Amino acid sequence: MEVIASWNRLCQVPGFSARIQNIAKRELLRDLIIPAQGKTFMAKVYMNKDLGRSLLSMCHFGEAERNGSTLAYLANQSIHVTRPLCLLREYHNGLVTKSVLFLEKLPETAIDYKVYLPGTLPNKPERFRTTFFAQAGQAIGQVHKAGVYTEDTDQNLMVEEKEQKCIFHLLDFDNFYPWRIPTLNRTIHAIAHAVDTGKQAQYTCNARETEAFVKAYLTVRDKPEWHSPIMAALKNDRQHIFTNPTCPLEGQ
């Protein structure tokens, strides 16, 4: 396979193997672009430096295996994710010591969700912002409807502006476990972190944007009965959302 051949050539470059060995657990090599099959790919390296991680990597519950299979499943559901190409394993004495997951690179125009919020969104008119959060709610709702939940979805979300709308790409599902289903309480956690990013991104939705997110999310999930408990939880724990002043561009 072309991507494996390219990776093997990289491993012969002086200093590259040392860089890989210095990875503590896992790392996405964002600066490393691997061309293959007319596309570009990234490599995420998983190091198994203890017996427990090596044994887990022999089954579905290894991080690389879990991430790759979940991404493939979601891609098959027509959800925008980084599409996995293949998984390369390295063995030593019968145990997996290293795994490399090759992922199709996202468009250069895709921006981290928590960078886009404070850097780009405040300069957009009200209608765009409201639509943006409705689209974000739909995107996360589609993932949860597929039965996949992680506590850090908002940290692995990329935004691509395209033809007057936004496409949301999901990156990483290392922390997904099949038994961790998107219950009501977990849904509240996910929505709260998506609409109120706090100090990390310094953006908090106002009431209108929050309502747009929740309504779109619940429409996808077909859970209208969750609207009241979700909004009650947000008003109790995130009161500042509902007292958030309007953006300077409000009304445009």
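The values are calculated or read from the model by the stated rules, or taken from the named source; none is laboratory data. These figures come from a predicted structure and were not determined experimentally. Every residue, glycine among them, receives a Cβ derived from its backbone with ideal geometry; neighbour counts consider all protein chains shown.
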### Output for the range 108-149, where each listed residue is closer than 22 Å to residue 175 by Cα and of a type in the set (Lys, Arg)
114, 145
### Query
Going through the range 62-82 one residue at a time, which ones are in contact with a helix residue (DSSP H, G or I) (Cβ under 9 Å, 6 or more places away or on another chain) and surrounded by fewer than 17 Cβ atoms within 10 Å (Cβ to Cβ)?
77, 78
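Answer with yes or no whether residue 98 is over 15 Å from the mean Cα position of the chain (by Cα) and either in a helix (DSSP H, G or I) or surrounded by 17 or more Cβ atoms within 10 Å (Cβ to Cβ) (or both). I'd like the intermediate steps shown before the answer.
On the way: over 15 Å from the mean Cα position of the chain (by Cα): yes; either in a helix (DSSP H, G or I) or surrounded by 17 or more Cβ atoms within 10 Å (Cβ to Cβ) (or both): yes.
It is true that residue 98 is over 15 Å from the mean Cα position of the chain (by Cα) and either in a helix (DSSP H, G or I) or surrounded by 17 or more Cβ atoms within 10 Å (Cβ to Cβ) (or both).
Would you say residue 93 is modelled with pLDDT under 90 and surrounded by fewer than 12 Cβ atoms within 10 Å (Cβ to Cβ)? Before you say what the answer is, go through the steps one by one.
Numbers: modelled with pLDDT under 90: yes; surrounded by fewer than 12 Cβ atoms within 10 Å (Cβ to Cβ): yes.
It is true that residue 93 is modelled with pLDDT under 90 and surrounded by fewer than 12 Cβ atoms within 10 Å (Cβ to Cβ).
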### Subset of the range 37-61 that is surrounded by fewer than 19 Cβ atoms within 10 Å (Cβ to Cβ) and among the basic types (Lys, Arg) - its residue that is nearest to residue 179 (Cα to Cα)
49
### Task
Run residue 106 past the list (1) over 30 Å from residue 3 (Cα atoms); (2) part of a loop (DSSP other than H, G, I, E, B) and report the number of the one that doesn't hold.
(1)
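Could you please find all residues in the range 115-136 being crowded, with 16+ Cβ neighbours inside 10 Å and over 16 Å from residue 204 (Cβ atoms)? Give the steps one after another, and end with the answer.
We begin by selecting, within the range 115-136, every residue crowded, with 16+ Cβ neighbours inside 10 Å; these are 116-117, 121, 124, 126, 128-136.
Within the range 115-136, 128, 131, 134, 135 meet the criteria.
Yes/no matrix, rows are residues, columns are (1) under 18 Å from the mean Cα position of the chain (by Cα); (2) modelled with pLDDT of 95 or more; (3) over 23 Å from residue 75 (Cα atoms):
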position: 151; (1), (2), (3): yes, no, no
position: 163; (1), (2), (3): no, no, no
position: 183; (1), (2), (3): no, yes, no
position: 187; (1), (2), (3): yes, yes, no
position: 207; (1), (2), (3): no, no, yes
position: 214; (1), (2), (3): no, yes, yes
position: 218; (1), (2), (3): no, yes, no
position: 229; (1), (2), (3): no, yes, yes
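Identify, please: which residue in the range 137-182 is more than 20 Å from residue 84 (Cβ to Cβ) and touching an Asp or Glu at 6+ places or on another chain (Cβ under 9 Å) and is, among those, surrounded by the most Cβ atoms within 10 Å (Cβ to Cβ)?
Looking only at the range 137-182, we keep the residues that are more than 20 Å from residue 84 (Cβ to Cβ), and these are 137-138, 140-141, 144-145, 151, 154, 159, 161-166, 179-182.
Still in the running and touching an Asp or Glu at 6+ places or on another chain (Cβ under 9 Å): 140, 145, 159, 166, 180.
Numbers: 140: 26, 145: 16, 159: 23, 166: 21, 180: 14.
Going through the qualifying residues, I end up with 140.
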### Task
For the range 25-42, indicate whether the set of residues that are of a type outside the set (S, T, N, Q), in a loop (DSSP other than H, G, I, E, B) and without any contact (Cβ under 8 Å) to a residue 12 or more places away in the chain is non-empty.
yes
### Query
When the residues of the range 43-67 are filtered to those that are within 17 Å of the chain's Cα centre (by Cα), of a type in the set (D, E, K, R) and part of a helix (DSSP H, G or I), which remaining residue is farthest from residue 83 (Cα to Cα)?
63
### Message
Of all residues being modelled with pLDDT of 90 or more and within 14 Å of residue 46 (Cα to Cα) in the range 9-20, which is surrounded by the fewest Cβ atoms within 10 Å (Cβ to Cβ)? Just the residue, please.
### Response
19
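Take residue 29 and tell me if it is aliphatic (A, V, I, L, M) and either under 30 Å from residue 161 (Cβ atoms) or surrounded by fewer than 17 Cβ atoms within 10 Å (Cβ to Cβ) (or both). It would help to see each step written out before you state the result.
Details: aliphatic (A, V, I, L, M): yes; either under 30 Å from residue 161 (Cβ atoms) or surrounded by fewer than 17 Cβ atoms within 10 Å (Cβ to Cβ) (or both): yes.
When the stated conditions are applied, residue 29 passes them.
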